[in-house]
1. Could you check the range 26-46 and list, in sequence order, the residues that are charged (D, E, K, R) and over 17 Å from Leu62 (Cβ atoms)?
2. List every residue pair whose Cβ atoms sit under 8 Å apart, with the two residues 6 or more apart in sequence or on different chains, where the first one lies in the range 5-25 and is within 13 Å of Val60 (Cα to Cα) and the second, anywhere, is at pLDDT below 85 and in a loop (DSSP other than H, G, I, E, B).
3. Looking at the range 49-60, which of the residues that are at pLDDT below 85 and open to solvent by less than 80 Å² (accessible area, probe 1.4 Å) is nearest to the chain's Cα centre (by Cα)?
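The values are calculated or read from the model by the stated rules, or taken from the named source; none is laboratory data. All figures in this text were calculated on a predicted structure; none of them were measured in a lab. A quick note on method: Cβ atoms are made from the backbone with ideal geometry, for glycine too, and the neighbour counts reach across all protein chains shown. Surface accessibility is based on the protein's heavy atoms, side chains included, excluding ligands, DNA and RNA. Shrake-Rupley method; radii C 1.70, N 1.55, O 1.52, S 1.80 Å.
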Amino acid sequence: MLRLSLRYPNGRSHDITYEGPERFQVGQEFDLHGRRWRVVEIKRPRETRFGTSGRVVTCVPLTESALRRADVG
């Protein structure tokens, strides 16, 4: 299973489980939650005493939220 770690400009992050067909690569851009995102890091699965963790794809936003722009305008 793949996890997306979305890093917001205010320092917060939001981790979600992604089950879509898309395969991610560093530098790739995509749209999600009203923003444009770029993949900046992919951590491979690792073994822990609790089992295998899935890949974690870290992403940063390239645009403001469409919802935020609508509030301002």
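1. Within the range 26-46, the first condition is being charged (D, E, K, R), and the residues that meet it are 29, 31, 35-36, 38, 41, 43-44, 46.
Hits for the range 26-46 are Lys43, Arg44, Arg46.
2. Between residues of the range 5-25 that are within 13 Å of Val60 (Cα to Cα) and residues that are at pLDDT below 85 and in a loop (DSSP other than H, G, I, E, B), the close pairs are Leu6/His33.
3. The selected residue is Arg55.
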